[in-house]
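This report concerns only the one structure given below.
The values are calculated or read from the model by the stated rules, or taken from the named source; none is laboratory data. Because the structure is a prediction, the values reported are computed rather than measured. Note that we place each Cβ from the backbone using ideal geometry, even for glycine, and neighbour counts take in every protein chain shown. Ligands, DNA and RNA are stripped out before the accessible areas are found, and what is left, the full protein with its side chains, is counted by its heavy atoms. Shrake-Rupley method; radii C 1.70, N 1.55, O 1.52, S 1.80 Å.
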Amino acid sequence: MTYENILVETQGKVGLIRLNRPKALNALNDQLMDELGDALVKFDADADIGCIVLTGSEKAFAAGADIGGMAKFTYMDVFKGEYITRNWEQIRNVRKPVIAAVAGFALGGGCELAMMCDFIIAADNAKFGQPEIKLGIIPGAGGTQRLPRAVSKSKAMDMCLTARMMDAGEAERAGLVSRVVPMDRLLAEAMEAATVIASMSLPSVMMIKESVNRAYESTLAEGIQYERRMFYSTFATEDQKEGMQAFMEKRLPVFKNL
Ligand code: CAA
């Protein structure tokens with residue numbers, strides 16, 4: 001697949017995907033989401049990649065689903081699942097961590113896309129919002145579900161019902177983003193975090209991702225049980241032997257992802 005709406009590169013063991021529809025503030029259309037899904041699947045399958053960073057431009061991570069593209073849709077167009085969000089959950093199938101590096105606007109589907117990633121690093125100019133209500137619709141890619149889990153029911157209601165934007169500081173205080181950095185440090189910081197993750201044992205990385213995600217979808221008791229099973233299974237890996245041996249020998253571990 002050739003990409004017209006995203007730019008893809010690798011830096012060491014990190015796969016970097018940039019949303020690239022600058023004239024439309026990276027508004028998310030079907031074609032872009034197909035390309036994004038394709039790039040994510042390829043990085044996920046690439047044994048040389050340990051972590052993925054998804055970013056946009058300085059002005060916009062993404063200003064939402066493409067309004068022009070969906071303005072004329074009928075109920076049956078969207079119900080049949082051929083348009084809007086049909087391919088959006090692809091990112092959830094990716095087993096390696098995906099970090100969202102967000103600068104500028106992350107609105108509507110842009111905020112939802114960032115929340116589908118495993119964690120968000122925000123530039124100090126980032127603005128998050130679910131302004132769909134101003135268009136006579138509601139969030140359609142997880143905004144009413146992931147936002148309350150990330151920032152509490154009260155703040156999610158406030159944002160979805162009033163359409164107000166949350167700045168980077170508020171987003172960090174509310175727990176939506178893991179850290180806020182100066183704009184000019186955003187990509188470097190995200191790439192550094194991704195490089196650290198990619199240096200770890202991939203089985204551990206993937207098990208942590210699965211286990212933390214399980215916290216959202218199960219009771220505490222089930223989640224604890226799941227984590228324990230995952231924890232036990234790390235003792236079947238060569239990397240566990242290497243990691244502990246290296247600690248005892250006071251050297252850095254050399255993980256083989258086995
Ligand atoms: N879809 C399509 N085009 C968009 C867009 C979107 N979501 N957001 C911005 N653009 C386009 C604008 O139409 C404009 O194009 P032209 O230059 O051709 O006119 C260009 O990007 C620049 O935008 P503005 O001139 O509006 O820039 P601004 O700096 O004045 O404002 C903004 C920026 C506040 C982000 C404003 O563009 C805006 O409010 N955008 C829409 C945000 C929105 O409502 N998002 C939700 C979409 S619905 C959705 O996402 C559904 C879902 O849950 C799946």
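Regarding region 175-192, can at least one residue be identified that is at pLDDT 95 or above, touching a Lys or Arg at 6+ places or on another chain (Cβ under 7 Å) and of a type outside the set (Lys, Arg)?
For region 175-192, residues at pLDDT 95 or above, touching a Lys or Arg at 6+ places or on another chain (Cβ under 7 Å) and of a type outside the set (Lys, Arg): absent.
Which of the residues spanning region 99-124 are out of contact with any Pro (no Cβ under 9 Å at 6 or more places or on another chain) and either open to solvent by 10 Å² or more (accessible area, probe 1.4 Å) or charged (D, E, K, R) (or both)? Write out each step before concluding.
Narrowing region 99-124 to residues out of contact with any Pro (no Cβ under 9 Å at 6 or more places or on another chain): 99-106, 110, 113-116, 120-122.
Within region 99-124, 105, 115 qualify.
Scan region 125-138 for residues that are assigned to a loop (DSSP other than H, G, I, E, B), within 11 Å of the ligand (Cβ to nearest atom) and either modelled with pLDDT under 95 or open to solvent by less than 20 Å² (accessible area, probe 1.4 Å) (or both) and report the count.
Selection size over region 125-138: 1.
Would region 14-27 turn up any residue that is touching a Ser or Thr at 6+ places or on another chain (Cβ under 8 Å) and within 19 Å of residue 203 (Cα to Cα)?
yes
Considering only region 139-157, how many residues are more than 9 Å from the ligand (Cβ to nearest atom) and part of a loop (DSSP other than H, G, I, E, B)?
Within region 139-157, the subset more than 9 Å from the ligand (Cβ to nearest atom) is 144-157.
Filter once more, so that each one left must be part of a loop (DSSP other than H, G, I, E, B): 152.
Number of matching residues: 1.
Tell me, which helices (runs of 4 or more DSSP H) lie completely within region 34-124 with 3 or more residues that are within 16 Å of the ligand (Cβ to nearest atom) and without any contact (Cβ under 8 Å) to a residue 24 or more places away in the chain?
So the answer is 75-79.
Which residues, taken from region 1-23, are over 18 Å from the mean Cα position of the chain (by Cα) and within 21 Å of residue 257 (Cα to Cα)?
11, 12
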